[in-house]
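Take a look at the structure below.
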Amino acid sequence: MIFDAHSDIWTDVAVKTLKGENNIIKKYHYDNLVKGKIGGSIFVIWTEPKNYHRALERVREIQECIKKELEYIKDIILIAKNYDDIIKAQKENKIYIFIGFEGLISIDDNIDLIDEYYEYGARHASLTWNEENKLASGVRGDPNKGLTDLGKKALRKMQDKGMIVDVSHLNDKSFFDVIDITSAPIIASHSNSRVLCKSLRNLTDEQLKAIRDTKGVVGLNSYKGFIDENKDKQTIERALDHIKYIADKIGIDHIGLGFDYNEYFEDEITPPSVKGLENASKSYDIIIKLKEAGFNNEEIEKIEYKNFNRIIKEIVKY
């Protein structure tokens, strides 16, 4: 069963709940997750740019929507807070979901909110989305700016608490600032190789090796623009090339899956993911492609879920 290290389903839950709908995951997502053989995931709380002026309020809004949604999905989903919860979910035939934060713009300069987010259940966070904030700079921020002093304190607090630190979306300077001070493995939950596709959201060879040296993991992103600049090559086969490249460059122990599906976003007219990985129902097709490419069962299991589960077991304690 696949572990998907990056899902935006909480955003869809919030948007639809605020429009008066309920039971959203069962109506719109669960069948796709089951068909794609996704057994676990990180569902992130993400503050959209249009809500930056009310970022903390937006987080509270999303949390309230999640609270309402949980009443409908207790029989199919377990909110996990440690590795033992993974085992519990599997025994109960449920999908295990870790709550994450895609960017911490919502805390502004109050890093004590990290404690609150942890108590809420978050076991994962990235310092930024694409923006520049009071903690660090994302890929659309000033390339000369990295982690701030406050950002370094936030990083240390997250790691002291046993939260997974995610470097997807950081600009290069912020990335290497994290590398310089990290005390634990880090992940890039949904990023690819910049050699194969030049987007700044992807990782250079130097960055890939730096993640490997922390004993971390990179998750394959299925988004078209991070797979290839050439529209004709935005396919599952090209996605497989990224997995092969990263595995060859830094080893099979450091590559996983972080699909970043968001075809359900209101403003998506055409599927944003590559041909062959249009939504969660197609997820297992990448496993079939790995088998066809000659990866053995042990290697496939590492990519499929074991590498990210290792990170969870090592970092997330309570």
Candidates 240, 18, 203, ranked by Gaussian network fluctuation over the chain, Cα under 10 Å, top entry: 18
Where trypsin sites (Lys or Arg not before Pro) fall in DSSP loop in region 119-165, at most 12 other Cβ within 10 Å: none
Solvent exposure of the chain as accessible area per residue, Å², 1.4 Å probe: 42 Å²
Positive-end residue of 225, 80, 146, charge dipole of the chain with Cβ unit charges: 80
For peptides 211-221, 176-186, 227-237, sequence by mean Cβ density within 10 Å, most packed first: 211-221, 176-186, 227-237
Cleavage-rule hits (GluC sites (Glu not before Pro)) in region 85-155: DSSP loop, at most 13 neighbouring Cβ within 10 angstrom: 92
GNM flexibility winner over the chain from 124, 242, 29 (Cα, springs under 10 Å): 29
Karplus 3J(HN,Hα) series, Hz, for region 125-141 with 6.51 cos²θ - 1.76 cosθ + 1.60 (x for Gly, Pro): 6, 10, 6, 9, 8, 7, 7, 9, 10, 7, 10, 6, 10, x, 5, 9, x
For residue 80, distant residues with modelled amide H under 5 Å away: 97, 98, 99
The chain: most fluctuating residue of 166, 253, 31 per GNM, C-alpha cutoff 10 Å: 31
Hz values of 3J(HN,Hα) by residue in region 21-37 - Karplus curve (6.51, -1.76, 1.60), Gly and Pro given as x: 7, 8, 6, 6, 5, 5, 6, 10, 10, 4, 4, 5, 4, 5, 4, x, 6
Under 5 Å, built H, 5+ apart or other chain: amide partners of residue 203: 192, 193, 194
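The values are calculated or read from the model by the stated rules, or taken from the named source; none is laboratory data. Computed from a predicted structure; not experimentally measured. Virtual Cβ from ideal backbone geometry, glycine too; neighbours counted across all protein chains shown. The area values use the complete protein model at the heavy-atom level, side chains included, leaving out ligands, DNA and RNA. Shrake-Rupley method; radii C 1.70, N 1.55, O 1.52, S 1.80 Å.
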